[in-house]
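As structure tokens, the structure follows; a few thoughts come after it.
Just so it is clear, none of the values below were taken in a lab; they were calculated from the coordinates. Everything numeric here is computed off the predicted structure, so don't read it as measured data. Methodologically, a virtual Cβ is constructed for each residue, glycine included, from the backbone with ideal geometry; neighbour enumeration extends over all protein chains shown.
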Amino acid sequence: MAGAAAIAAVLAVLPVALFAQTQTASQQQMPNHHMNAGAVSAMDRSFMEQVAQGNLTEIQLGKLALQKSKDSGVKPVAQQIINDHTKAQQQLQNLARSLNVTLPTGPNASQTATYADLSKTSGSQFDKAYVGWQIQAHTATINLFQKEIKSGSSPDVMAWARQTLPVLAGHATHLKQEARRIGAPAMNGQQSASSRNSTYQ
């Protein structure tokens, strides 16, 4: 009971941490950014900034999972997430340079807090909290990519989002499989809608 309560407590503060703080900071900087790069809309720039910090967070948390997890199924998923988000970050950096967009160089405050919270767990409690959070984070990330693909302005940014989205969908599928196997909490439809609204509206 105590372990389940601890996992629930961790997950309760993690779902909206992936992008919420980044979006606020980006919105505060949008006017000057928009003037400096007329071909890139405020939405495109915000998307790139959020994804950059999301990638860096995923890489850090994946490395944490390799250190703390003892599960033979969770560790390969974490390694794949590290590999794919490292590649995505390199591609995004190249794209940002071509569009004169400066990306953040580290996670934001909420993402750093997520890392700290997960660091406090261990064993199966860590595995369940990590996988449960990853499902929620990837759901939010997929929603963000779909929004950019539908409503973005830069053909290059939208093309990269379309190219990368299937990789994220693959992560989500594998994470849900692991969640079922280890009994990690999964996000239901109501929670998903709540996270989307609180993060992106």
Quiz item: Once a ≥ b ≥ c are taken as the square roots of the eigenvalues of the Cα gyration tensor of the stretch 64-172, is the result rounded (a/c under 1.5), prolate (a/b larger than b/c) or oblate (a/b not larger than b/c)?
Solution: prolate
Quiz item: Label 7 Å along Cα→Cβ of residue 167; the stretch 87-128 residues with amide nitrogen under 20 Å?
Solution: 87-108
Quiz prompt | Entries of 63/150; 87/176; 150/176; 120/150; 70/176; 68/176 with Cα pairs more than 28 Å apart | solution = 63/150; 120/150
Self-check item: HN-Hα J in Hz across the stretch 137-150 - Karplus 6.51, -1.76, 1.60, θ = phi - 60°, x for Gly and Pro
Solution: 5, 6, 4, 5, 5, 4, 4, 5, 5, 4, 5, 5, 4, 7
Exercise. Report relative contact order for the stretch 41-200 in percent, whole number only (criteria: Cα-Cα under 8 Å, sequence separation at least 6).
Key: 29 percent
Practice problem: For the stretch 85-101, take each phi angle, set θ = phi - 60°, evaluate the Karplus expression 6.51 cos²θ - 1.76 cosθ + 1.60, and give the result in whole Hz per residue in order, putting x for glycine and proline. | Solution: 6, 5, 4, 4, 5, 5, 5, 5, 4, 5, 5, 4, 4, 5, 9, 6, 10
Practice problem: Describe numerically, in nm with one decimal, the distance between label points set 7 Å from Cα along Cα→Cβ at residue 143 and at residue 64. | Solution: 2.2 nm
Quiz item: Taking square-rooted eigenvalues a ≥ b ≥ c of the alpha carbon gyration tensor, is the stretch 118-179 rounded, prolate or oblate, where a/c under 1.5 means rounded and, failing that, a/b exceeding b/c means prolate?
Solution: prolate
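Could you line up 156, 44, 71 from fewest to most neighbouring Cβ atoms inside 10 Å? Mind dumping the intermediate values first?
Values: 156 14, 44 25, 71 21.
Lowest count first: 156, 71, 44.
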Quiz prompt | Karplus-derived 3J(HN,Hα), 6.51/-1.76/1.60, for each residue of the stretch 48-54, Hz, glycine and proline x | solution = 4, 5, 5, 5, 4, 5, x
